[in-house]
Amino acid sequence: MEKTKVHKGLGGVTVFLGVITSMLFIDTIAPSAAMGAQLVSWYLLFAVIFYIPMGFVVAELGSTYPDKGGIYGWIKRAFGDKWAARTSWLYWINAALWMPSAIIFITGIIAQLFYPDAGIIFHVLAGIIITWLIIFLASRSAEEDGIANSIAGISKLFLAVALLVVAIIYLFKNSSETAFGIKDMLPHFTEGLDFLPVIIYNMLGIEVTLGNVHHFKNPEKDIPRSIISGAVIMSILYILTSIAILVVIPLENLGIIEGFIDAFIRVFGSGLIGTIGVFAIGIMFLYTIFAQVTSWTLGACIVAGESAVSGELPKYLGKQNKNDSPIGALIITGLISSLILVVYGFMANSAEDLFWMLFEFSTMVFMAPYITMLFAFMKLRTMDSDINRPFRFPGGEVVAKIFASLMIVILGMTIVLFVWVPGYPMDWAYTVPVVVGFILVFIIGEIIIQYKYKALHKKV
């Protein structure tokens, strides 16, 4: 596979802000904070053994092989067409499965700001409308998307800093109801296992902006700098912002959807100025989530589009519009997201139940391609040992493969923890739909891939 020609478009700052937009999950700060003070030790541990090493892996792959489609191209180089197709299928279908959970989060914030008594019907209907707005936004040109991502990246950094300031103001006026002693920050292994999937989820996807690598000005330099600095900065921000929420909101009163905005409400109050301030924060918060979902959806659809163009997935997924956006994959993504919102809406009793059900289902699917990517990383180091690598995983060959193997184990363990946590009883009513959906996704993908593979080789 030849490297895709690089267009003179997106510079280093834009690439960095794109990483922040796609990877600083403001919407999962409250769920992370639900771990309590022990989140400090858990995040520090996995930043060292997972997040930053994953940044090293992606920086090496992205700068060495700046192929359009990112992860799809890397796996195709290492393992060929079928594994590339499986990866692009899972990577893309995850976007359609994850998209509804992110949209339910958005409708939850909208309800918090404008319609506090909204029922599940509101969340489903509003979610369908938002789905198609995101599909429209994702169909714009790379330059327009780069501007929107830059604004969203700056907004996310602003919101993170604003939350820290709010926590400091709160501490000056009140005493926090959450304990923060050294003992409280030590890991509690049973509870930690319960929340581990949220931590690992926050640490995945740092490669998503590389689907548009063919629009980067200088991928060899910009990718390592943006990816690694982004991983370090976001590790620090996840810890600080989660602690900030716990400073303001007692753990027992923390809502996973409303928690971020509630922190500002508790400090600003309900007066006119406070209401305006909270409303402004809420609108900015909504914008960042819109941009985040748009970025992820586009990145996954680019991967699917590249696979479709190569004949490995249905041809329609590879259809592009005048902006070079994968409009075919985007439209199918919107249809799947809309259908899932309706189907799962009948199975959930509240927006929070719907959020978690969709989140767990999609994230299990989401993690599988990273296992393949890590195996590809190790194989490409052996296959292309003599190739020029603008960036290399620090520590040499043995260290790189040890960390890659450790990350594979962590991902496998995390998938299991989505359906069963040691020390807790199995909730079959909750687990069965998630597991069945997970298995069906793999079966449907394999049927499509085998059919397309036979059709492709018949032509040859």
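The values are calculated or read from the model by the stated rules, or taken from the named source; none is laboratory data. Everything quoted here is computed from the prediction, not taken from an experiment. Cβ coordinates were reconstructed from backbone atoms using ideal geometry, including for glycine residues, and neighbour counts include every protein chain displayed.
Here I120 meets the list (1) over 22 Å from G334 (Cα atoms); (2) crowded, with 16+ Cβ neighbours inside 10 Å; (3) β-branched (V, I, T) almost entirely, failing just condition (1). Among the candidates L317, L313, L298, which residue alone is surrounded by 24 or more Cβ atoms within 10 Å (Cβ to Cβ), at pLDDT 85 or above and not in a helix (DSSP H, G or I)? Answer to the selection: L313. Is there a residue in segment 13-29 that is in a helix (DSSP H, G or I) and modelled with pLDDT of 80 or more? Scanning segment 13-29 turns up at least one residue that is in a helix (DSSP H, G or I) and modelled with pLDDT of 80 or more. If the condition is being over 14 Å from S362 (Cβ atoms) and of a type in the set (A, V, I, L, M), then segment 420-435 contributes V421, M426, A429, V432.
Counting only residues that are at negative phi and in a loop (DSSP other than H, G, I, E, B), how many does segment 265-281 have? Residues meeting the conditions: 2. When each of I129, I135 is tested for being among the hydrophobic types (A, V, I, L, M, F, W, C), buried (at least 16 other Cβ atoms within 10 Å of the Cβ) and at pLDDT 85 or above, the lone residue that passes is I135.
Looking for something part of a helix (DSSP H, G or I), of a type outside the set (A, V, I, L, M, F, W, C) and under 28 Å from F195 (Cα atoms) - is there at least one such residue anywhere in segment 385-400? Explain how you work it out, then say what you get.
Within segment 385-400, the first condition is being part of a helix (DSSP H, G or I), and the residues that meet it are 397-400.
Adding the requirement that they be of a type outside the set (A, V, I, L, M, F, W, C) leaves 397.
Adding the requirement that they be under 28 Å from F195 (Cα atoms) leaves none.
For segment 385-400, residues part of a helix (DSSP H, G or I), of a type outside the set (A, V, I, L, M, F, W, C) and under 28 Å from F195 (Cα atoms): absent.
For first residues located in segment 311-323 and closer than 24 Å to G80 by Cα, partners that are surrounded by fewer than 16 Cβ atoms within 10 Å (Cβ to Cβ) and among the aliphatic types (A, V, I, L, M) and lie 6+ apart or on another chain with Cβ distances below 6 Å form the pairs G311/L456. The single condition among (1) under 30 Å from S235 (Cβ atoms); (2) buried (at least 22 other Cβ atoms within 10 Å of the Cβ); (3) under 19 Å from the mean Cα position of the chain (by Cα) that I151 does not satisfy is (2).
Take the residues in segment 179-221 that are hydroxyl-bearing (S, T, Y) and within 24 Å of the chain's Cα centre (by Cα), then tell me which one is modelled with the highest pLDDT.
If we filter segment 179-221 for residues that are hydroxyl-bearing (S, T, Y), which is where we start, we get 190, 201, 209.
Checking the rest, the ones that are also within 24 Å of the chain's Cα centre (by Cα) come to 201, 209.
Working: Y201: 80, T209: 72.
Applying the filter and picking the extreme gives Y201.
I'm trying to understand the selection: among the residues of segment 405-448, which are farther than 26 Å from M54 by Cβ and touching a Lys or Arg at 6+ places or on another chain (Cβ under 8 Å)? Across segment 405-448, the qualifying residue is only E446.
No other residue among V365, V416, V409 is part of a helix (DSSP H, G or I), of a type in the set (A, V, I, L, M, F, W, C) and crowded, with 21+ Cβ neighbours inside 10 Å apart from V365. Within segment 375-398, restricting attention to residues that are modelled with pLDDT of 95 or more and surrounded by fewer than 20 Cβ atoms within 10 Å (Cβ to Cβ), the residue that is farthest from V48 (Cα to Cα) is K379.
Results for (1) closer than 17 Å to I265 by Cβ; (2) exposed (fewer than 15 other Cβ atoms within 10 Å of the Cβ); (3) of a type outside the set (G, A, S); (4) modelled with pLDDT under 85, shown as yes or no for each residue.
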{"residue": "G108", "(1), (2), (3), (4)": "yes, no, no, yes"}
{"residue": "P116", "(1), (2), (3), (4)": "yes, yes, yes, yes"}
{"residue": "A160", "(1), (2), (3), (4)": "no, no, no, no"}
{"residue": "L163", "(1), (2), (3), (4)": "yes, no, yes, no"}
{"residue": "Y170", "(1), (2), (3), (4)": "yes, no, yes, no"}
{"residue": "E177", "(1), (2), (3), (4)": "yes, yes, yes, yes"}
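Taking segment 34-65 as the region of interest, how many residues are within 29 Å of A244 (Cα to Cα) and assigned to a loop (DSSP other than H, G, I, E, B)? Within segment 34-65, residues that are within 29 Å of A244 (Cα to Cα) and assigned to a loop (DSSP other than H, G, I, E, B) number 5. Any residue at all in segment 262-279 that is hydroxyl-bearing (S, T, Y) and at pLDDT 85 or above? Checked against the condition, which is being hydroxyl-bearing (S, T, Y) and at pLDDT 85 or above, segment 262-279 yields no hits at all. Scanning segment 419-445 for residues that are part of a helix (DSSP H, G or I), closer than 21 Å to V198 by Cα, in contact (Cβ under 8 Å) with a residue 24 or more places away in the chain and of a type outside the set (A, V, I, L, M, F, W, C) yields Y430, P433, G437. Among the conditions (1) β-branched (V, I, T); (2) farther than 18 Å from I71 by Cβ; (3) touching a Ser or Thr at 6+ places or on another chain (Cβ under 8 Å), T431 misses just one, which is (3). Any residue that is closer than 30 Å to F260 by Cβ, surrounded by fewer than 19 Cβ atoms within 10 Å (Cβ to Cβ) and over 22 Å from the mean Cα position of the chain (by Cα) - is there at least one of those in segment 60-83? Checked segment 60-83: no residue is closer than 30 Å to F260 by Cβ, surrounded by fewer than 19 Cβ atoms within 10 Å (Cβ to Cβ) and over 22 Å from the mean Cα position of the chain (by Cα).
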